[in-house]
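**Student:** The following block contains the structure, expressed as structure tokens.
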Amino acid sequence: MRYTAFIGLGSNLASSAGTPAETVRAAIRALGTQGSVMAQSSLYRTAPVGYREQPFFVNSVVCLTTDLEPESLLGELLATERSFGRDRRQSVPKGPRSLDLDLLLVFAPQGGAVLYSSPTLTLPHPELANRRFVLQPLAEIAPEIQHPVLGKTMRQLLGELSRKLGDLEEVTRIK
């Protein structure tokens with residue numbers, strides 16, 4: 001079965017691949033071992049959310065087609081994070097990190113969205129509609145994809161969030 005997955009990437013610490021931007025680019029290449037990267041957003045410079053006393057992030061979103069089911073894909077994403085120097089068990093929640101990979105949305109081979117909840121994974125990502133640093137790059141590559149619970153497109157969700165937040169959450173295209 002071929003799934004379509006949207007994955008958020010972020011980095012604000014250097015890794016073995018180099019700067020945060022180089023780390024995100026290298027992680028996108030690494031995702032190609034889990035399937036085929038069908039689309040890739042620009043890179044964005046984004047202010048930290050939650051824990052603010054840390055460097056700005058570089059964020060991006062990719063669309064990946066894969067044969068891996070969501071839980072298996074998540075396991076591979078976490079392994080990729082570790083290969084870039086991140087150990088979630090040792091890091092501060094929402095704190096600085098060499099690489100963050102979040103499974104945002106998954107669509108089944110028949111085209112329907114996967115709604116899923118387990119102790120390790122919730123789909124769609126529960127904070128998707130509240131994070132401009134995810135919605136901006138996601139709307140760039142898939143503006144008409146609908147949130148399977150909220151019934152709104154990524155473009156609509158981004159517009160609503162932009163009106164609500166104004167300039168409080170800085171997201172600037174860097175590539």
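Only the coordinates and a few stated rules stand behind these numbers; no lab work does. Since the structure is predicted, the reported quantities are computational estimates derived from the model, not experimental observations. Glycine gets a Cβ as well: all are built from the backbone with ideal geometry, and neighbour counts include every protein chain shown.
**Student:** When the helices in the chain are scored as -39500 (n - 2.57) per DSSP H run of 4 or longer and the sum is shared across all residues, what 222 nm value do you end up with, to the nearest 500 deg cm²/dmol? Intermediate results must be reported in sequence, preceding the final value.
**Tutor:** On the way: 4 runs with 48 residues, N = 175.
Computed mean residue ellipticity for the chain: -8500 deg cm²/dmol.
**Student:** Can you give the extra length, in nm with one decimal, that the chain gains between SER42 and VAL149 once fully stretched, where that is 0.36 nm per residue apart less the Cα-Cα distance? All intermediate terms of the calculation are to be shown ahead of the outcome.
**Tutor:** Working: separation 107, 0.36 × 107 = 38.52 nm, distance 2.62 nm.
Result for the pair: 35.9 nm of gain on full extension.
**Student:** Okay, next question. How far is it, in nm, from the label point at GLU53 to the one at ARG82 when both lie 7 Å from their Cα along the line to the Cβ?
**Tutor:** The answer from the label model is 3.1 nm.
**Student:** Sticking with this one: Note the full-extension length gain between ASN130 and THR19 as 0.36 nm times their separation in residues minus their Cα-Cα distance, in nm to one decimal.
**Tutor:** 37.3 nm
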